[in-house]
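To keep things clear, I will list the structure first and then write my remarks on it.
The values are calculated or read from the model by the stated rules, or taken from the named source; none is laboratory data. Source: prediction; values computed, not measured. Every residue, glycine among them, receives a Cβ derived from its backbone with ideal geometry; neighbour counts consider all protein chains shown. These area figures cover heavy atoms from the full protein model, side chains too; ligands, DNA and RNA do not enter into them. Shrake-Rupley method; radii C 1.70, N 1.55, O 1.52, S 1.80 Å.
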Amino acid sequence: MRIITYFRSFDLAMKILGIETSCDETSAAIVSDGAVRSNVISSQLVHARYGGVVPELASRAHQRIIVDVVREALQAAGTGMDDVNGVAATYGPGLVGALLVGLNFAKGIAYGRRIPFVGINHMEGHIFSNFLMEDAPTYPFVCLVVSGGHTMLVHARAPLEYTLLGETRDDAAGEAFDKVAKMLGLGYPGGPVIDQTAAAGDPEAVQMPRSFLEEGSLDFSFSGIKTAVLYLLRREGVGEKGEAVHRLSPERIANICAGFQTAVVDVLVAKTLLAADRTQVEHIAVAGGVSANSLLRRRMEEETSHRGQHLFFPRMEYCMDNGAMIAYAGYERLKRGFSSPLSLPAEAALSLWNGTRA
Ligand code: KG4
Ligand code: ZN
C-alpha cells in the first residue's frame with residue numbers, strides 16, 4: 001500500500017495571503033512566488049486624538065475592517081481565496097488584542113480551506129520588507145530595524161538565521177519621535193511630522209545630546225535625548241503634553257525638530273556602520289517605520305556610497321507595518337517546509353532569537 005500526501009498545488013505557484021494586525025494598521029497582501037501582487041493597508045485614525053495607540057480601540061477597529069481588507073487584497077491581486085495555498089499572520093510582538101484579530105482570522109482561513117498556516121515574527125517581517133523590491137540584499141547582511149516599538153541591529157547570517165548585535169536599552173527611536181512630537185503639540189504619529197517640520201529648521205541651532213553608551217557598544221539609548229527636549233521646553237514654559245507650546249515661534253519649533261532628528265540619526269548611522277564593519281558585511285539594510293525618515297535615508301546613502309557598501313531601504317509603503325512583508329516572510333518559511341500549529345498563541349513580547357546575541 002502506498003500513502004500519498006498531497007500539498008495542494010505547492011508544485012504550482014505559492015500564493016500566500018499575509019495578514020498584519022500587530023498595532024494600528026490593518027493590512028493584508030498577496031505574494032505569489034515571492035512577488036507582491038497586492039498590499040492593502042488601512043491605518044486607524046482613531047488614535048490621533050488620544051496622542052498614541054489605545055489598545056482596545058485598535059483591536060476593535062481591526063475586527064471591524066479585517067474582512068474588507070482581506071477581500072480588497074484578493075481583488076487587487078486579481079485572485080480569489082480558492083487560489084491561495086498558504087496563509088501567514090503576525091503573532092508577535094505587538095498588542096495582544098490587536099494581534100489576536102489577524103492571527104485568528106488567518107487560522108480560520110487555514111483551517112477552513114485546509115491550507116498551511118505560519119505565524120510570523122513582526123520584526124522578521126520588517127527585515128523581509130527589503131526583499132519586496134527588485135534589488136534585495138544578499139546574505140549575510142546587517143539590518144537596522146527601527147520602529148515605534150523596537151530599535152535593533154540584526155546580523156542576518158542566512159535565510160531565517162539572525163543574531164542580535166545591539167538593541168535599545170530604553171525607548172525605541174520611533175517612540176522618541178512620537179514623544180517629542182507630543183511635547184511640541186505636533187500630534188501622533190510624531191515621526192512624519194517631525195521629519196517635515198525639521199526640513200525648515202537649522203540642526204545646529206539647538207544642541208542635543210547623543211548617547212553612544214560605552215565605547216564600541218551597539219546598543220542604543222534614546223531616553224536621554226527625550227528628557228533633554230523635555231527640560232528645554234520646560235525652561236521655555238511649555239508642558240510635556242504640548243501645553244503653552246504657542247510660546248514658541250514656528251522657527252524655534254523647526255529648529256528643535258531639526259536638532260533632535262539630527263542627533264537621533266547621527267547615532268543610528270554611526271552604530272549601523274560600526275555593526276557592518278564588525279560583521280564584515282557589504283550589504284546593509286534598514287527597515288521599520290523610522291526607515292521612512294528622509295534624513296536617515298540621505299545620511300545612510302552618503303556614508304555607504306563613500307565606503308562602497310550596498311544600501312537597501314524599503315519603498316515607503318513597505319516601511320510602515322504592512323501585510324506584504326508578512327506574506328513574503330510566510331513564503332520564505334513555507335517553501336522551506338516550516339508551518340505553525342493552529343494552537344500558536346499571540347505573544348506580545350515575542351523575541352527574534354533564542355539567546356543568540358553577539
Ligand atoms: O514599524 P511601524 O509602522 O510600527 C511599529 O512596528 O512600531 O513604526 C511606526 C513608527 C512610529 O513611531 C512613527 O513615528 C515612526 O515609525 N515613523 C517615523 C517616520 N515615519 C514613521 N519616524 C521618523 N521619521 C519618519 N518619517
Ligand atoms: Zn512595525
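What the phi angles of the range 80-93 give under the Karplus curve with 6.51, -1.76 and 1.60, with θ = phi - 60°, is a coupling list of x, 4, 4, 8, 6, 10, x, 9, 10, 9, 5, 10, x, x Hz, glycine and proline written as x. Taking all protein chains into account, the per residue accessible area for the range 138-313 stands at 42 Å² (1.4 Å probe). Close amide H partners of Met14, meaning residues 5 or more places away or on another chain with modelled amide H under 5 Å apart, are Asp33. Expressed as a whole percent, the accessible surface of the range 138-313 that belongs to carbon and sulfur atoms is 49, based on a 1.4 Å probe.
Equivalent ellipsoid of the range 168-244: semi-axes from √(5λ) of the C-alpha gyration tensor, largest first, are 22, 14, 13 Å. Available extension along the chain between Leu213 and Arg71 is 46.3 nm, counting 0.36 nm per residue and deducting the alpha carbon span. Placing unit charges on the Cβ atoms of the charged side chains and taking the dipole of the range 138-313 about its Cα centre, the candidate lying farthest along the positive direction among Met300, His310, Pro140 is Met300. At full extension, Arg64 and Arg298 could sit 80.4 nm farther apart than now, given 0.36 nm per residue minus the alpha carbon distance.
Taking the Cα centre of each part, how many Å lie between the range 232-255 and the range 270-326? If you average the Cα positions of each part, the centres end up 32 Å apart. Under a Gaussian network description of the chain, with springs only between Cα atoms under 10 Å, the residue in Gly237, Gly190, Gly323 that fluctuates furthest is Gly237.
log10 I(q)/I(0), Debye, Cα-only the range 138-313, no solvent, q = 0.09, 0.19 Å⁻¹? The Cα Debye sum returns log10 ratios of -0.31, -1.18. Charges were assigned to the Cβ only: +1 to each Lys and Arg, -1 to each Asp and Glu. The resulting dipole of the chain about its Cα centre is roughly 780 debye. When the trypsin sites (Lys or Arg not before Pro) in the range 127-207 are filtered for DSSP coil states and for at most 15 other beta-carbon atoms within 10 Å of their beta-carbon, the remaining sites are Arg169. 3J(HN,Hα) couplings calculated from phi for the range 163-178 with the Karplus curve 6.51 cos²θ - 1.76 cosθ + 1.60 (θ = phi - 60°) are, in sequence order, 10, 7, 9, x, 8, 6, 8, 9, 7, 7, 4, x, 5, 5, 4, 5 Hz; Gly and Pro show x. Along the axis of the charge dipole computed for the chain (Cβ charges of +1 for Lys and Arg, -1 for Asp and Glu, origin at the Cα centre), the listed residues Ile66, Pro55, Leu165 are led at the positive end by Ile66.
Under the combined filter of DSSP loop state and at most 16 neighbouring Cβ atoms within 10 Å, the range 37-85 retains none of its trypsin sites (Lys or Arg not before Pro). Summing +1 for each Lys or Arg and -1 for each Asp or Glu among the other residues whose beta-carbon sits under 15 angstrom from that of Ala244 gives +3.
Taking GluC sites (Glu not before Pro) across the range 126-227, the ones in a DSSP loop with at most 10 further Cβ atoms lying within 10 angstrom of their Cβ are Glu134, Glu204, Glu214, Glu215. When the chain is treated as a Gaussian network with alpha carbon springs shorter than 10 Å, the biggest mean-square fluctuation among Leu160, Leu273, Leu334 belongs to Leu160.
Who wins for biggest fluctuation among Thr227, Thr168, Thr272 in a Gaussian network model of the chain, springs between alpha carbons below 10 Å? Highest fluctuation of the listed residues: Thr227. Computed from backbone phi with θ = phi - 60° and the Karplus coefficients 6.51, -1.76 and 1.60, the 3J(HN,Hα) list for the range 305-316 is 6, 4, 8, x, 9, 9, 10, 10, 10, x, 4, 3 Hz; x is used for glycine and proline.
For Lys15, the lysines whose Cα comes closer than 22 Å to its Cα, not counting residues fewer than 8 places off in the same chain, are Lys107, Lys335. Assuming charge only on the beta carbon of Lys and Arg (+1) and of Asp and Glu (-1), the dipole of the range 138-313 about its Cα centre is about 300 debye to the nearest 20.
In straight Cα distance, which aspartates and glutamates are under 15 Å from Lys241, not counting same-chain residues fewer than 8 positions off? Hits, sequence-local ones excluded: Glu175, Asp178.
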